[in-house]
1. Where residues in region 152-173 are outside any strand (DSSP E or B) and either in contact with a strand residue (DSSP E or B) (Cβ under 6 Å, 6 or more places away or on another chain) or within 23 Å of residue 5 (Cβ to Cβ) (or both), which of them is modelled with the highest pLDDT?
2. Just to be sure I understand the filter: pairs with C-beta atoms under 7 Å, separated by 6 or more residues or on different chains, first member in region 128-146 and on the phi < 0 side of the Ramachandran plot, second member surrounded by fewer than 10 Cβ atoms within 10 Å (Cβ to Cβ) and modelled with pLDDT under 95. Which pairs pass?
3. Quick one: would you say residue 125 is surrounded by 15 or more Cβ atoms within 10 Å (Cβ to Cβ) and either out of contact with any helix residue (DSSP H, G or I) (no Cβ under 7 Å at 6 or more places or on another chain) or at pLDDT 90 or above (or both)?
4. Sort out which residues of region 128-151 are in contact with a strand residue (DSSP E or B) (Cβ under 8 Å, 6 or more places away or on another chain), part of a loop (DSSP other than H, G, I, E, B) and modelled with pLDDT of 90 or more, and write them in order of number.
5. Here is a check on your reading of the model: is residue 8 closer than 25 Å to residue 158 by Cα, surrounded by fewer than 17 Cβ atoms within 10 Å (Cβ to Cβ), touching a strand residue (DSSP E or B) at 6+ places or on another chain (Cβ under 8 Å) and at pLDDT 85 or above?
6. Do we have residue 67 as more than 15 Å from residue 171 (Cβ to Cβ) and surrounded by 13 or more Cβ atoms within 10 Å (Cβ to Cβ) here?
7. Scan region 44-52 and tell me whether some residue there is assigned to a loop (DSSP other than H, G, I, E, B), touching a strand residue (DSSP E or B) at 6+ places or on another chain (Cβ under 9 Å) and either at pLDDT below 70 or at positive phi (or both).
């Protein structure tokens, strides 16, 4: 009870095709790392419809294990980082988001770090409980990781190799 549910799945996407399509459609991606969302400076013409249904199916299975059977929709975006950079600490707490995920397409660089939401807290006597609170995941191509939207995470890349992922938020309708 009250543990943070995270699921790692060996997926069966055509990641070579996803990589090819994303690289073809991410403009100026060789200059900086970018996300393909509408609210960012760069437009992407990549249509995620061909993988969205499959991402929802993987997500439904996990959400069913957690006791949720709501009707779902998905918000999907691509991430491209050409070399050394950091994607700072963040979570995906947005309206109606019930699950977040990352599909590792070409994760040749970097680790994803997840931060335990209970790592620091006061007990009723004012004492601090401090645990390490960081779980580092070295990604593997075609692996899908699902996690709750409140789970804070970041990416640290320490090499000049590129990193391509597809990230998504599953929302209850």
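1. Here the answer is 152.
2. 128/122; 129/123
3. So residue 125 does not fit the description; no.
4. Within region 128-151, 140, 141, 142, 148, 149, 151 qualify.
5. When the stated conditions are applied, residue 8 passes them.
6. Here the answer is no, as residue 67 does not meet what is asked.
7. Taking every residue of region 44-52 in turn, at least one turns out to be assigned to a loop (DSSP other than H, G, I, E, B), touching a strand residue (DSSP E or B) at 6+ places or on another chain (Cβ under 9 Å) and either at pLDDT below 70 or at positive phi (or both).
The values are calculated or read from the model by the stated rules, or taken from the named source; none is laboratory data. In this text the structure is predicted, and so the values were computed from the model without any measurement. Every residue, glycine as well, gets a Cβ built from its backbone with ideal geometry; the counts of neighbours run over all protein chains shown.
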